Structure formats: C-alpha cells, structure tokens
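Read through the structure below, which is laid out as structure tokens, and then see the notes.
A short reminder: the numbers here are calculations on the coordinates, not readings from a lab. Small disclaimer: the values here were computed from a predicted structure and weren't measured. A quick note on method: Cβ atoms are made from the backbone with ideal geometry, for glycine too, and the neighbour counts reach across all protein chains shown.
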Amino acid sequence: MDKKAFAVDTQYAVTLRDTNGRLRPANLYVHQLFDQDMIARRTDGGAQSGLLFKIPYKDVARVVRTLPVSDKKRFMLPEAMLKPKLWENRSSMAAYSSSPGLGK
C-alpha cells in the first residue's frame, strides 16, 4: 500500500502484517501521514488501544473497509505530537486523546 490509500481522520479496517510477518486484522484511526509511514491509533480494543503507532505503509496488506469519521467523533491530539521529528526514533507512544462527541 502507499500514502494515497489513506486519509487523515479516517478509520480503517485493514489486514496488517505483525512483527513475525503474519497477517492480522486491525482497526486503525489515522492521525497523520508521512512519506513512508503513518501515525495511527488502534481502535479494536485491547492493551494497544491507547497507543499511537508509526505503521509503515508496506505493513498494510489490504484495506478491508473505510469508515469516515464525523467531526464530533474525531480524536484530538496536540499538533506537536504529530511532527515527523518526534517520530524519527520511535515506533509507538502512549497518548490520551479526546473526542468531544463522546464526552471525553
């Protein structure tokens, strides 16, 4: 996959390659797009749902479903957390974000 297949503030159901190369289903909310990778939040629950991840486009095998997100349900993060320089040497970050429509 490449950058053109994704959009900011959109939720996706994808098939994602894990660290062992196995294909796994994942639900992602995309916060930022870079040239080689994107910053996304896992929305499928579990221990990883509160983390932001830098996911290379090559790790996404296919997009199963695209879900547009209304303005009320968008996750808000400070702009500084999405700068490319901050993500140069990291692959994940714990971050709390809020959505005004969900009362958070």
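A few remarks follow.
- Of all lysines in the structure, those lying under 23 Å Cα to Cα from LYS72, and not within fewer than 8 positions of it along the same chain, are LYS104.
- Sites listed here are trypsin sites (Lys or Arg not before Pro) in segment 1-61 whose DSSP assignment is loop and whose Cβ has at most 16 other Cβ atoms within 10 Å: ARG22.
- Simple Cβ-charge dipole of the chain, Lys/Arg +1 and Asp/Glu -1, about Cα centre, in debye nearest 20: 180
- Scanning the chain for chymotrypsin sites (Phe, Trp or Tyr not before Pro) in DSSP loops with at most 15 neighbouring Cβ atoms within 10 Å leaves 35-95 as the longest stretch between them.
- Counting only aspartates and glutamates at least 8 places from LYS85 when in the same chain, those with an alpha carbon closer than 14 Å to its own are ASP35, ASP37.
- Mean projected area (nm²) of the alpha-carbon convex hull when the chain is viewed from all directions: 6.5
- Distance from the C-alpha centroid of segment 17-46 to that of segment 53-82: 8 Å, rounded to the whole angstrom.
- Full-extension gain in nm, LEU67 to LYS85, via 0.36 nm per residue minus C-alpha separation: 3.6 nm
- Zone of ASP44's modelled label, taken as backbone nitrogen in segment 1-36 under 11 Å from a point 7 Å along Cα→Cβ: 13-18, 23-28
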